[in-house]
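The values are calculated or read from the model by the stated rules, or taken from the named source; none is laboratory data. Only a predicted model underlies this, so the values are computations on that prediction, with no experimental measurement involved. Using ideal geometry, Cβ is built from the backbone for each residue, glycine included, and neighbour counts are taken over all protein chains shown.
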Amino acid sequence: MGYRVAVVGATGEVGRTFLRVLEERRFPVDELLLFASERSAGTRLTFRGNDYEVKALSAQTSFRGIDIALFSAGGGISREFAPKFASDGAVVVDNSSAWRLDPEVPLVVPEVNPEDVKRIRKGIVANPNCSTIQMVVALKPIYDAVGVSRVVVATYQSVSGAGAKAIRELEEQTRAWCRGESFPEPRHIAKRIAFNAVPHIDTFMDNRYTREEMKMVNETRKIMHDESIRVSATAVRVPVFYAHSEALHIETRREIAPEKAREILSRAPGVVVVDDPQRGDYPLAIDVAGRDEVFVGRIRKDLVFTPGLAMWVVADNIRKGAATNAVQIAELLVKEGVV
Ligand code: NAP
Ligand code: 3JN
């Protein structure tokens, strides 16, 4: 049996990747409806070798008969349209932060809390922030083995996290530098990103952390069902096209040898351990781009948190951090008979 699937934000970085991932994973799509803004109405996108026309999403759009709607058009669109799709019978898998902390909306990473998809109340399941997803996939096996009390994390986030226009921005700035021209003004990233590192993703909050950093704090607790886990994050944009990297410093509740952590992580679902630094083997964004797993390396004892571990965690932010995780959620919805 197949499903009637809608993609909202189909022309964006995440939307286009949804189509690739649905095709690669052979998700049972019977009918596909593509939506974006008025700007790209009429654009044609390919899925399984067939052409589909993108339609403008509007208050007049009919949402009847849709089984699953994959949303990636920003929080405003999700707040307005997800309830409309849901009240017409669809289950919405939403990629924005709009619904993530709503107690009636499950926030799901299939390797961590798959059972939560059954707790749908509003017809919406939220996909966590990309930086949270890769962190919790790496944390969960350690948490299950010895407990985790505190995490300090610094992120190195690629420009694709800020959308298709930010990718063009890094390209244009780099091209200008190569030609000896002056840099064009930044428009989609807070500061010049070429040859730079910018500790400013999303907006600053009253506590002087950014919204991106606080997403990691709050979403981790909700996904792990543990309000006692303390997370402190610094989120940094770096001139990388695809894949986010993270330096994690973890306080565990009980002692664990790095060798044991390596063994546990090697067996964990969705994790690939690449950890032989003497031979120059550790995860790199350029190798991880295009992959669906979370890559972990540099696993060692932490020198501040005792007992504790330090590790380096890398994942493709557009795939595992967004489209792949959302399609995995859709697969769970099918498996659990929710759709
Ligand atoms: P993007 O490349 O800028 O694409 C944005 C998409 O949203 C485009 O398809 C755009 O359509 C569509 N859109 C914009 N305004 C719209 C409107 N008024 N009505 C309908 N569609 C509209 O951005 P992206 O990287 O794909 O990310 C999109 C969203 O996904 C983000 O805002 C964020 O909420 C979420 N996201 C989540 C994660 C995560 O951490 N899980 C990661 C990345 C993104 P047009 O082509 O017509 O402009
Ligand atoms: O910047 C990144 O690397 C990830 C960005 C995600 C993002 C971008 C715009 C709006 C989000 C998100 O998923 O948290 C949002 C949002 O708040 O919906």
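From the list Ile133, Ile124, the one residue that fits, being among the β-branched types (Val, Ile, Thr), touching a residue at least 60 places away in the same chain (Cβ under 8 Å) and within 14 Å of ligand 2 (Cβ to nearest atom), is Ile133. The residues on offer are Glu246, Glu255, and the sole one that is assigned to a strand (DSSP E or B) and out of contact with any Asp or Glu (no Cβ under 6 Å at 6 or more places or on another chain) is Glu246. Scanning the stretch 22-34 for residues that are outside any loop (DSSP other than H, G, I, E, B), touching a residue at least 12 places away in the same chain (Cβ under 8 Å) and away from ligand 1 (no atom under 12 Å from the Cβ) returns Leu22, Glu23, Val29, Asp30, Glu31, Leu32, Leu33. Taking the criterion of being touching a strand residue (DSSP E or B) at 6+ places or on another chain (Cβ under 9 Å) and closer than 13 Å to Gly9 by Cα, the residues of the stretch 59-74 that qualify are Ala69, Leu70, Phe71, Ser72, Ala73. When Asp206 is tested against (1) away from ligand 1 (no atom under 15 Å from the Cβ); (2) farther than 21 Å from Ala98 by Cα; (3) among the acidic types (Asp, Glu), exactly one condition is not met: (2). Going residue by residue through the stretch 76-94, is there one that turns out to be in a helix (DSSP H, G or I), at pLDDT 95 or above and touching a helix residue (DSSP H, G or I) at 6+ places or on another chain (Cβ under 8 Å)? Checked against the condition, which is being in a helix (DSSP H, G or I), at pLDDT 95 or above and touching a helix residue (DSSP H, G or I) at 6+ places or on another chain (Cβ under 8 Å), the stretch 76-94 yields no hits at all. If you check Asp275, Asp287, Asp281 for being surrounded by 18 or more Cβ atoms within 10 Å (Cβ to Cβ) and among the acidic types (Asp, Glu), only one passes: Asp275.
So Asp292 clears everything in (1) under 19 Å from Gly15 (Cα atoms); (2) out of contact with any Lys or Arg (no Cβ under 9 Å at 6 or more places or on another chain); (3) part of a loop (DSSP other than H, G, I, E, B) except one condition, right? Which one? Just one mismatch for Asp292, condition (2). Taking the numbered list (1) among the aromatic types (Phe, Trp, Tyr); (2) within 30 Å of Ala69 (Cα to Cα); (3) part of a loop (DSSP other than H, G, I, E, B) in turn, Phe305 passes all entries but (2).
If the condition is being part of a loop (DSSP other than H, G, I, E, B) and more than 13 Å from ligand 1 (Cβ to nearest atom), then the stretch 35-59 contributes Arg48, Gly49. Of the residues Val92, Val112, only one is among the β-branched types (Val, Ile, Thr), within 16 Å of ligand 2 (Cβ to nearest atom) and touching a residue at least 12 places away in the same chain (Cβ under 8 Å); which? Matching residue, one of Val92, Val112: Val92. Restricting attention to the stretch 32-82, report how many residues are within 16 Å of ligand 2 (Cβ to nearest atom) and at positive phi. The total comes to 1. Selection within the stretch 42-70: residues that are out of contact with any Ser or Thr (no Cβ under 7 Å at 6 or more places or on another chain) and of a type in the set (S, T, N, Q). The member of this set that is surrounded by the fewest Cβ atoms within 10 Å (Cβ to Cβ) is Gln60.
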